[in-house]
Amino acid sequence: MINFHIDRWLRFPVVLLLLLFLCRLGVAQKIDSLLLKLYQESNDSARVELLVQIAAYYDRDEPNAVLAENYLFEAKRVADSSSYTTLRATVYNQLGVFYRNQSKYNESLRYHNNAYALAKALNDKRMLAISLNNLGVVYRRIDNHAFATEYHIKALKIAEEIRDSFSVSVSCNSLGNIFSLNGRYDDAIEYFTRALDISESMGNSLGLAMNCNNIGEVYEFKGDYVNARDFYQRSLDVNLRINNLKGIAISYNALGKIDLYTGRYKSALDFFSKALTIDKQLGDRKFLADSYINLSRVLLALGRVREAKANIDMSITIAKQINSLIHQQWIYEVYSDYYKREKRYDSALFYYAKASTFKDSVLNEKNTRHISTIQTIYETEKKENEIKLLMQSQEIKQKELKRQNILKNGLLIGLLLTIVIIISIYQAFVTKRNSNNLLSRQIREIEEQNIRLEEQKQEIETQKEEIERNKDFIEQKNSNLEEAYKIIENYIEKITDSIRYAERIQESIQPSEEMVRAVFTDTLIFNKPKDIVSGDFYWMVTSGKRVYFALSDCTGHGVPGAFMSIIGIDLLNQAVNLHNYYEPDQILEFINEQLIQKLRKSENEQVLKDSMDIAVCIFDRETYQLHYTGALIPLFISSGGEITEIRPDYVTLGTSFGHTEKRFTVNSFKLLAGDWIYLTSDGYFDQLGGPCNKKFMRTNFKQILPKVQSLQGIEQRNVLEMEFLKWMGRNEQIDDVLVWGVKI
């Protein structure tokens, strides 16, 4: 739809210029008319209203921040000198909105708080709802979602109470934005839809445009780009119709992001450039930061790296000026992508970690719990109010039934008197019989009504008792949950401290990087346990000219895996230092035999089903001869830019595999100075992630090794870690990860 509009206007430039001239002429006539009315007006309230309208003109129609601020201060002077407190609150709120649009959030909060205090003193509920919503919007702008939620919930309750549809719409729209940013998309859609319905019923075009944009953003976050584009386009159409420049810029940025995600980079660049032009004209630094960030992303995608870097630098300056945490998070993510393209992997990893820190600051668990608590309290109070209204309605019905009974009784008395008169005039017998029949029917109806009323009364009493029982039960349950949570937190803290100490013990019995570099030219060690301590370990000892080293992946992870790793290290030390085994296959046979014995209670009864995958290497530092034997742990040799994978024996140690029935394979190689040897557990290969949520696999791992062969060990480790974290994304780590490389 938007492309159609743009193409059509581009085909008729003369018409466009003419329309722009007419619009400009109309706007100029509007401001002249307002200034003339201001000159002629003497009433303070009317003068304040005109000054606010003139300020709005210089804020939106012909952006001039200095003139807009001057007219608002003149309105404040007139309002302060008057006796109308509501007038002062209105002007303070307008000043707050102006400073919010200028990204001067401290000034904005000061004026909105002043307006709130005046509204509270007057008990003006409409002004209270407006002021609370304005405070919530500012706190949302500065990424304090917990405070923003609290203010909007308060505004929503007041607006619902006084049936102020516009303020209800504003509250729902802002709450939808907060829930969307916190990943609670269903709640966000619910609030946005409610706000959208209200805007449509009120004919509020600006609200309609805002809510269509917000719903589109939720679909964008969920990855549904088709629905996202539809709602963004609806928003743009409305903004173009009402000539809302800020809304047009927001819509351009939104549609540009969809084109960026779907690979339409040139179209995205066009949208972002138009949005930046409008944002520069309006001067709102928040939206300026949005446009610069979006431009840097698409320029990186187009390979225009220098232009992208200039836009990133511009956006970080603005984000720090307005102290926006969410913008700094986005910017550091783009910085990480930039340095990755420049192959400066240490800087890329640094900015990736920095972005994660800002993300945690914006979406931390405490704020999330606070937001959920505020929403739960609001829903609970709303339900209680509905129950109170129901009870009041039942009480009114009972009073109405009682009044009807009295009225009916009066009517019956009058009817009896009428019957007596009729009996005295007409035939006594016929009239009396007919009257008795009529009276009997009415009595039966009254008795039936009395029975129904009694049943309704009993039903109401039963509902009240049920409500009281549920209320007490919920309060007791909440109290029990709080006590249980404190006890669990205490136990978790103690257990975590113990595991942290176990982690230091496990690290101390494995060789340090300095010990490895004393034997080999260089090394990389990427060790990322799933649960603090690990079932993966590496081991190394030297004996004369020989170096014995191994990497193992024990069954399980966390504490059980760590115990198995200690057993494995002990058996390796016994095999070399106590039993003097000098070949890797002999060492594996010894470990296999010992594990089978240690994991059995008796000859035919196996206590544990734990096992161990391991690779053992022996390197001669004089002849450069390497001997390798592996049980499910492969060996990778990087030499001259070529990667060679040596596959292991497909058997694991410590199971029912009989060590006397099968021999392990010994692989021997002649290495060259500068070659790299890599050993890795399967945690790196098996990690789920990527675009299709699949395993990383050995093929991808082997593609990384040639790229990092020329780097130092610490830089290789940074690249491997960054690739792993990027692949994992938001998924949970499924296993311990250990990658060990040494340079000959």
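Here SER611 meets the list (1) more than 16 Å from LEU632 (Cα to Cα); (2) modelled with pLDDT under 90 almost entirely, failing just condition (1).
Remark: pairs (first residue in the stretch 118-134, at positive phi; second residue surrounded by 15 or more Cβ atoms within 10 Å (Cβ to Cβ); Cβ separation under 8 Å; 6+ apart in sequence or on different chains) are absent. Pairing each residue of the stretch 49-71 that is at pLDDT 90 or above with any residue that is among the β-branched types (Val, Ile, Thr), provided the two are 6+ apart or on different chains, yields C-beta distances under 8 Å for LEU51/VAL78; VAL52/THR90; VAL52/VAL91; ILE54/ILE31; TYR71/VAL52; TYR71/ILE54. Residues in the stretch 441-478 that are among the β-branched types (Val, Ile, Thr), touching a residue at least 24 places away in the same chain (Cβ under 8 Å) and under 18 Å from LYS408 (Cβ atoms): ILE446 only.
Scanning the stretch 696-705 for residues that are in contact with a strand residue (DSSP E or B) (Cβ under 6 Å, 6 or more places away or on another chain) and either surrounded by fewer than 18 Cβ atoms within 10 Å (Cβ to Cβ) or within 16 Å of TYR339 (Cα to Cα) (or both) gives a single hit, LYS702.
Residues that are at pLDDT below 55, surrounded by fewer than 13 Cβ atoms within 10 Å (Cβ to Cβ) and of a type in the set (Val, Ile, Thr) were ranked within the stretch 378-427; the one that is farthest from LYS457 (Cα to Cα) is THR380.
Among the residues making up the stretch 422-440, those that are assigned to a helix (DSSP H, G or I), of a type outside the set (S, T, N, Q) and over 17 Å from LEU412 (Cβ atoms) are ILE425, ALA428, PHE429, VAL430, ARG433.
Selection within the stretch 580-594: residues that are part of a helix (DSSP H, G or I) and not hydrophobic (A, V, I, L, M, F, W, C). The member of this set that is nearest to ALA550 (Cα to Cα) is PRO584.
If you take the residues in the stretch 513-524 that are surrounded by 19 or more Cβ atoms within 10 Å (Cβ to Cβ) and β-branched (Val, Ile, Thr), which one is farthest from the chain's Cα centre (by Cα)? Applying the filter and picking the extreme gives VAL516.
For the stretch 523-572, taking the residues that are part of a helix (DSSP H, G or I) and free of Cβ contacts under 8 Å to residues at least 24 places away in the same chain, the one that is farthest from GLN506 (Cα to Cα) is identified as ASP570.
The values are calculated or read from the model by the stated rules, or taken from the named source; none is laboratory data. The structure displayed is predicted, hence computed values, not measured ones. Ideal geometry is used to build each Cβ from the backbone, glycine not excepted, and the neighbour counts take in all protein chains shown.
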